[in-house]
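A.B. asks: Below you'll find the structure I mean.
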Amino acid sequence: MHNISKTLILMVLITFCIVGTVNAENITDINKLVNNMNAFDGKVVTIEGEPIGEAMNRGTYSWINVNDGTNALGIWLPSSQAERITTFGDYKHKGDTVRISGIFLKNSPEHGGDVEIDCSSLEIIKKGHTVDEELTNVKIITATLLFSIAFMLTYAYFHVVQKTKNASE
């Protein structure tokens with residue numbers, strides 16, 4: 001009976017270890033990749049972040065930039081995968097959240113020595129959305145004040161130039 005208990009406990013522990021290993025993705029911060037390039041060079045890494053700007057298509061492959069909040073990095077991936085991204089981050093949009101796995105290269109021989117990840121898989125974790133900018137009273141007052149100051153300085157400048165011009169004649 002004692003051996004059955006030990007075996008059962010061992011099987012449960014092994015199961016938890018296997019399930020934990022399969023489900024736990026090791027997400028690496030982009031800043032950690034950049035600061036430890038030699039350690040990660042040529043290794044498969046996984047990052048999560050927001051694609052920013054736009055996809056730069058180069059035929060059957062594309063470049064995208066992904067920002068995870070710590071840094072941004074170029075990703076080289078098939079154009080068919082890049083087309084799955086519906087929203088890229090910019091001033092008016094919060095981009096999709098993506099999980100990308102691929103080989104980290106500190107000095108890509110194919111792309112002139114660029115630091116990049118050659119993507120092997122892309123997963124959309126969360127869809128992006130439009131960001132509504134709120135026009136607050138503080139912004140309106142600040143803009144009005146700055147416009148007034150610029151107008152007064154321009155008026156004063158031309159008034160002085162006109163006086164100087166009249167005095168020299």
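The values are calculated or read from the model by the stated rules, or taken from the named source; none is laboratory data. Every value quoted in this text rests on a predicted model; they were computed, and no experiment measured them. Note that we place each Cβ from the backbone using ideal geometry, even for glycine, and neighbour counts take in every protein chain shown. Heavy atoms of the whole protein, side chains included, go into the accessibility calculation; ligands, DNA and RNA do not. Shrake-Rupley method; radii C 1.70, N 1.55, O 1.52, S 1.80 Å.
A.B. asks: For the ranges 66-75, 105-114, what's the packing order if you count other beta-carbon atoms within 10 Å of each residue, average per peptide, and put the highest first?
C.D. replies: By packing density, highest mean first, the sequence is 66-75, 105-114.
A.B. asks: Could you sort out which of Lys32/Lys139; Lys139/Lys165; Lys43/Lys126 sit more than 30 Å apart by Cα distance in this structure?
C.D. replies: Going by Cα-Cα distance, Lys32/Lys139; Lys139/Lys165 fall outside the 30 Å limit.
A.B. asks: State the three equivalent ellipsoid semi-axes of the range 30-71, derived from the C-alpha gyration tensor as the square roots of 5 times its eigenvalues, in descending order and whole Å.
C.D. replies: 22, 14, 8
A.B. asks: What does the extension gain come out to for Lys165 and Asn67, with contour length at 0.36 nm per residue minus their alpha carbon separation?
C.D. replies: Using 0.36 nm per residue and subtracting the Cα-Cα distance, I get 29.7 nm.
A.B. asks: Probe radius 1.4 Å, ligands and nucleic acids ignored: give me the carbon and sulfur share of the accessible area of the range 24-169 as a rounded percent.
C.D. replies: 56 percent
A.B. asks: If I take every Cα pair under 8 Å that is 6 or more residues apart in the range 83-169, average their sequence separation and divide by the length, what percent do I get for the relative contact order?
C.D. replies: Normalised by residue count, the contact order of the range 83-169 is 26 percent.
A.B. asks: Hey, quick one: spin label on Ser80, modelled 7 Å out along Cα-Cβ, who in the range 44-73 has an amide N within reach, i.e. under 12 Å?
C.D. replies: Backbone N within reach: 60-61.
A.B. asks: Further question on the same structure: Would you mind working out the accessible area per residue for the range 82-155, using a 1.4 Å probe, and quoting it in Å²?
C.D. replies: Using a 1.4 Å probe on heavy atoms only, each residue of the range 82-155 averages 71 Å².
A.B. asks: If we sort 47-57, 141-151, 88-98, 31-41 on the protection proxy, mean other Cβ atoms within 10 Å, highest first, what's the order?
C.D. replies: The densest-packed peptide leads the list: 47-57, 88-98, 31-41, 141-151.
A.B. asks: Here's something else I'd like to know. Find which of Thr130, Leu105, Thr142 sits farthest along the positive direction of the dipole of the range 105-168, computed with +1 on the beta-carbon of Lys and Arg, -1 on that of Asp and Glu, about the Cα centre.
C.D. replies: The residue sitting farthest along the positive end of the dipole is Thr142.
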